[in-house]
Amino acid sequence: MQLNGQLALTILMGLFLVGVFAWLTRVENWSGYTPLSSGGSAVSGESGYVSEEKPAGIVRWLTTVDHKDIGLMYGAYGVFAFVVGGLMVILMRTELATPETVLVQPGFYNSLLTSHGITMLFLFGTPIIAAFSNYFIPLIIGADDMAFPRINAIAFWLLPPAALLIWAGFFPIPNLIPAQTAWTMYTPLSAGVGQGNQMNAGVDLMMLGLHLSGVSATMGAINFIATIFTERGEEVTWANLDIFSWTILTQSGLILFAFPLLGSALLMLIADRNLGTTFFAVGEGGGAMLWQHLFWFFGHPEVYILVLPPMGLVSYILPRFAGRRLFGFKFVVYSTLAIGVLSFGVWAHHMFSTGMDPRLRASFMAVSMAIAIPSAVKTFNWITTMWNGNIRLTAPMLYCIGFVSNFIIGGVTGVFLASIPVDLVLHDTYYVVGHFHYIVMGAITFAGMAGIYYWFPLVTGRMYQRSLAKWHFWLWMVGTNITFLAMILLGYGGMPRRYATYLPQFASLHQIATLGAYMLLLGGIIWVWNMVQSYFEGPVVEDGDPWDLEASGLRTVEWDWFDRKLQTKIADGGEEEPVTDGGVVEDESADELDTDE
Amino acid sequence: MAKTNSNKIFDRETLLDLTVNFIPLFIILFFLVLFLLIQPWGGGLFPMALMLGLLVIPFVGLAVLTYFSGKAIAGAEKSSTVYYPGQAGMPNAEVTHGESDDEEPQALDSGSEHDGELTDGETTDAETADADAADETETADETAAKTTNQDES
Amino acid sequence: MDENPGLSEQYRTASPWPFFIALSIPLAEAGILFNLFAVAVGGLLLFFGCCAGMLQEAGYVDRPWRSLVVGAVIVLAFGGLLLYADTQVANEAVQLAERGYAVLVAGIILFVGGLLGEVFVDDGEFAV
Ligand code: HEM
Ligand SMILES: [Cu+2]
């Protein structure tokens, strides 16, 4: 590097540090913070402005350690990443409307593919789950906040840099290209060896970003484990911990064992690329298989990291609109824990066709069969909960039912893939793509939507527009099934995955899949519009129980909290939010008097 | 069998709850035996050890976790008031079962005498089980008022 | 409107440190990985400086200076490790020594900062 480049960098860095220092001094001063006033206990003894009220404006969001604010930021972040990843895939599906290359070159297609996968799994999936858990778990389990509020904030703020690094290759920076390794980053391609272009720094940046997101997830997981173990309210015992907290606890355990492993494997790969190590080198090092084992030892738990909390959301929300309690609550809890353990024993079902020892393969198949049972048990519990129930087809309930339906297809296709002979035929075809999208889109995202609609009134104090929500649901339900069923059929036909072009015989199914993707896009636009417009102009919720859960005895603590919040608002003269348009939620719940004074 | 503490905790009902995890355990065991009996790829100490280890480790892991979680959940059920999940801490929360004034040695006769109904909404509270079997749940306002310290504004 | 009904008044809801700690980690990582001297030094300073500040704010320590020195020791050890590793690597293209020097410089600055603070800053005029 030339000298004046270094010099400029040094000056910039110095100025930056001085600026940070000056700002920090100001903020801490202005907070009137007296450090030694009371022997330095963590909570008490902090006087001054910051500890009682949040600072105003943007500074509030940059400095907040309140779990609800952090939950909201996770949510906004996840939604943004979802839009980015969604637009990437729309480009890809548009290209795939024709067999030959028209819109994007194959290399760029591979970049989009890589980024789409990583964005959706690490920048949308994990954060959107963290949004719910941060906002609601302290409320539900009766904790004042997370166990480590500051670490909570650090975990969130690691994510924006992670996204910038992961997407860096797409920015117009000279000599930087986006990674084309797919989200699995198999060596030797990802080690940058050979004649390809994957030695580019863009790939390193992507891996650094991924590493950061892993650090963030691990911090969050530690925080949740500590919170659920130690900060529960007195009345919340293991016997009545809610199902969402159980799934988050299990997920956090999985994260704790899986993500550090990914982080280490990534560092090894980065070292191979930049520092001349030979961990994954063919011949002298671990070869191609080492990476695959390390990656999938993380990767399979990762899919359950992503699906367990959404299962928890559905188990939490679905009974509220079925008018009865969750059937076999403890079955769901124990099967959640079972999935948690077993998910570490199945990783090589992603590697059946690598030529590994058939004896090992057989064991992995056996455990993969065993892990299907807890998932199936949950499915039966959801169905039984709805059976003969008093079902109300609100938007969150529709999404819960959609979740169950899609999860069945995704799960059954998964069990087929877990069978070695079937997998040898279907591996690396669109069947696999169909399988996991039924789960990541059809189930995980649907559960996220159920949560968003269910708690929208609680978080925003306003109601969304029901008819738009229904449009959103049906477009997504039909779109998901069109797109991903077409992919399953493509896989049966032998269409390999990760190609920008294909043989003409696959054209019609690909076009159907593209059509479905556009339905998803349309539904997504409706959803974003609904959220934004309702946030500003939706009818104000004045009832602490907008879903009318009290009547069936299904109201839970977070709505109780919301109710108290509304009460204090009325007591304060309600100066907060002007009632714009009549205000009353046009809900089934006419009784607004159920609130205790 | 001696009336040990764990016997009280792992009563019939808890064991029924745990069946959900016995099934995957059984599947793993089934394949374990199968692979021991039929070995189309031949033996060899190292590959066999790996193969069996891949089955034994998840088996043991699942068994251990099931034991401890069962103990934690059933133990908490017996030693403190059980609210419905997500409703603990609400001012007028309903109690699903468990002794309200939790000093009573309720575990003595818990479980096996009561209906083994697995669905929620059951009443195993000793006082009300015979008195009012039809009433599915019991509102324990006074208990909740005692145990929860919600500060109403 | 009470944002947190039922929550104790004492609960602190804002802290300036986490944001910068999160920023410092990618800076330090990228600086060391891509051998960018100033970025590595700056990232490490920011990280350990903010950690010290946050520890003090959270009440785990009374004054930040000794945390700085502890951070300095860790950083110096890591820098030394890099220098040592450099002697073990045959590959000429791999410049671990330069990275090691950057880390060492950060460690020295932290050490000196902590030392000066410990000796010269007295609690009364203590602003940060
Ligand atoms: C019901 C239990 C499940 C079983 C038995 C199962 C089985 C499998 C198998 C065997 C594969 C490898 C297919 C191949 O590459 O040839 C696979 C791929 C995949 N599964 Fe599942 N699966 C299950 C549930 C899930 C869940 C819940 C998720 C997501 C949350 C998921 C996400 C994925 C993903 C992302 C891949 C593709 C990875 C890749 O190659 O890029 N699966 N599944
Ligand atoms: Cu898997």
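The values are calculated or read from the model by the stated rules, or taken from the named source; none is laboratory data. Just so it is clear, the model here is predicted, and its values are computed rather than measured. Using ideal geometry, Cβ is built from the backbone for each residue, glycine included, and neighbour counts are taken over all protein chains shown. In case anyone asks, the SASA skips ligands and DNA or RNA and just uses the protein heavy atoms, side chains included. Shrake-Rupley method; radii C 1.70, N 1.55, O 1.52, S 1.80 Å.
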| task | Go over the candidates A:401, A:452, A:408 one by one and state the one that is within 15 Å of ligand 1 (Cβ to nearest atom), away from every other protein chain (no Cβ under 14 Å), within 21 Å of the chain's Cα centre (by Cα) and open to solvent by 10 Å² or more (accessible area, probe 1.4 Å). | result | A:408
| Filter result for residue A:372 (in contact with a Pro (Cβ under 9 Å, 6 or more places away or on another chain), within 14 Å of another protein chain (Cβ to nearest Cβ) and within 16 Å of ligand 2 (Cβ to nearest atom)) | yes
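Determine, yes or no, whether residue A:496 is surrounded by fewer than 18 Cβ atoms within 10 Å (Cβ to Cβ) and touching a strand residue (DSSP E or B) at 6+ places or on another chain (Cβ under 9 Å). So that I can check it myself, show each step before the final result.
Values: surrounded by fewer than 18 Cβ atoms within 10 Å (Cβ to Cβ): yes; touching a strand residue (DSSP E or B) at 6+ places or on another chain (Cβ under 9 Å): yes.
Answer is yes for this residue.
In this structure, is residue A:365 within 9 Å of chain B (Cβ to nearest Cβ), near ligand 1 (Cβ under 9 Å from one of its atoms) and over 30 Å from residue A:137 (Cα atoms)? First the steps, then the outcome.
On the way: within 9 Å of chain B (Cβ to nearest Cβ): yes; near ligand 1 (Cβ under 9 Å from one of its atoms): yes; over 30 Å from residue A:137 (Cα atoms): yes.
For residue A:365, the condition - within 9 Å of chain B (Cβ to nearest Cβ), near ligand 1 (Cβ under 9 Å from one of its atoms) and over 30 Å from residue A:137 (Cα atoms) - is met.
I'd like to verify a number: residues in segment A:102-136 that are within 8 Å of the chain's Cα centre (by Cα), within 12 Å of residue A:183 (Cβ to Cβ) and open to solvent by less than 20 Å² (accessible area, probe 1.4 Å), how many? Outline the logic, then answer.
Taking segment A:102-136 as the starting set, the residues that turn out to be within 8 Å of the chain's Cα centre (by Cα) are A:120-130.
Checking the rest, the ones that are also within 12 Å of residue A:183 (Cβ to Cβ) come to A:120-123, A:125.
If we keep only those that are open to solvent by less than 20 Å² (accessible area, probe 1.4 Å) too, we end up with A:122-123, A:125.
Of the residues in segment A:102-136, 3 are within 8 Å of the chain's Cα centre (by Cα), within 12 Å of residue A:183 (Cβ to Cβ) and open to solvent by less than 20 Å² (accessible area, probe 1.4 Å).
Please specify each residue of segment A:271-319 satisfying the condition of being within 16 Å of ligand 1 (Cβ to nearest atom) and acidic (Asp, Glu).
Taking segment A:271-319 as the starting set, the residues that turn out to be within 16 Å of ligand 1 (Cβ to nearest atom) are A:288-289, A:291-315.
Scanning segment A:271-319 gives a single hit, A:302.
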| Looking at segment A:456-476, is at least one residue over 30 Å from residue A:74 (Cβ atoms) and either β-branched (Val, Ile, Thr) or surrounded by fewer than 21 Cβ atoms within 10 Å (Cβ to Cβ) (or both)? | no
| query | Can you find a residue in segment A:148-171 that is more than 13 Å from chain C (Cβ to nearest Cβ) and of a type outside the set (Phe, Trp, Tyr)? | reply | yes
| said: Here are the criteria: (1) modelled with pLDDT under 95; (2) more than 16 Å from ligand 2 (Cβ to nearest atom). Tell me which single one residue A:309 does not satisfy. | reply: (1)
| Quick one: would you say residue A:305 is more than 30 Å from residue A:395 (Cα to Cα), in contact with a helix residue (DSSP H, G or I) (Cβ under 7 Å, 6 or more places away or on another chain) and crowded, with 24+ Cβ neighbours inside 10 Å? | no
| request: Tell me, yes or no, whether segment A:290-311 has at least one residue that is in contact with a Pro (Cβ under 9 Å, 6 or more places away or on another chain) and of a type in the set (A, V, I, L, M). | output: no
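Would you call residue A:241 assigned to a loop (DSSP other than H, G, I, E, B), surrounded by 19 or more Cβ atoms within 10 Å (Cβ to Cβ) and either in contact with a Lys or Arg (Cβ under 7 Å, 6 or more places away or on another chain) or touching a residue at least 40 places away in the same chain (Cβ under 8 Å) (or both)?
On the way: assigned to a loop (DSSP other than H, G, I, E, B): yes; surrounded by 19 or more Cβ atoms within 10 Å (Cβ to Cβ): yes; either in contact with a Lys or Arg (Cβ under 7 Å, 6 or more places away or on another chain) or touching a residue at least 40 places away in the same chain (Cβ under 8 Å) (or both): yes.
Here the answer is yes, as residue A:241 does meet what is asked.
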| query | What are the residues in segment B:33-49 that are in a helix (DSSP H, G or I) and small (Gly, Ala, Ser), if any? | reply | B:49
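Looking for whichever is modelled with pLDDT of 60 or more and within 35 Å of the chain's Cα centre (by Cα) here; the options are A:24, A:7, A:3, A:12. Which one fits? Give the steps one after another, and end with the answer.
Working: A:7 fails: within 35 Å of the chain's Cα centre (by Cα); A:3 fails: within 35 Å of the chain's Cα centre (by Cα); A:12 fails: within 35 Å of the chain's Cα centre (by Cα).
Only one candidate passes the filter, namely A:24.
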| request: All but one of (1) farther than 26 Å from residue A:338 by Cα; (2) crowded, with 23+ Cβ neighbours inside 10 Å; (3) of a type in the set (A, V, I, L, M, F, W, C) hold for residue A:255, so report the exception by its number. | output: (1)
| query | Does residue A:386 satisfy being farther than 24 Å from residue A:454 by Cα, in contact (Cβ under 8 Å) with a residue 60 or more places away in the chain and surrounded by fewer than 24 Cβ atoms within 10 Å (Cβ to Cβ)? | reply | no
| note | All-but-one check, residue A:356 against (1) crowded, with 19+ Cβ neighbours inside 10 Å; (2) within 16 Å of ligand 2 (Cβ to nearest atom); (3) farther than 18 Å from residue B:30 by Cα, failing number (1)
| With respect to the numbered conditions (1) more than 9 Å from every other protein chain (Cβ to nearest Cβ); (2) away from ligand 2 (no atom under 16 Å from the Cβ), which one is the sole condition not fulfilled by residue A:293? | (2)
| What are the residues in segment A:232-244 that are in contact with an Asp or Glu (Cβ under 7 Å, 6 or more places away or on another chain) and more than 7 Å from chain B (Cβ to nearest Cβ), if any? | none
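Residues are listed down the side, and each one gets a yes or a no for (1) within 14 Å of chain B (Cβ to nearest Cβ); (2) surrounded by fewer than 20 Cβ atoms within 10 Å (Cβ to Cβ); (3) within 8 Å of ligand 1 (Cβ to nearest atom):
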position	(1), (2), (3)
A:420	yes, yes, no
A:428	no, yes, yes
A:432	no, no, yes
A:443	no, no, yes
| said: Being small (Gly, Ala, Ser), under 25 Å from residue A:199 (Cα atoms), facing chain A (nearest Cβ under 10 Å) and crowded, with 21+ Cβ neighbours inside 10 Å narrows it down to one residue among C:31, C:42; which is it? | reply: C:31
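Could you list, in sequence order, the residues of segment B:32-69 that are touching a residue at least 24 places away in the same chain (Cβ under 8 Å) and open to solvent by less than 30 Å² (accessible area, probe 1.4 Å)?
The answer is B:55, B:58, B:62, B:66.
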| query | Can you tell me which residues in segment B:64-96 are touching a Leu at 6+ places or on another chain (Cβ under 6 Å) and more than 7 Å from chain A (Cβ to nearest Cβ)? | reply | B:70
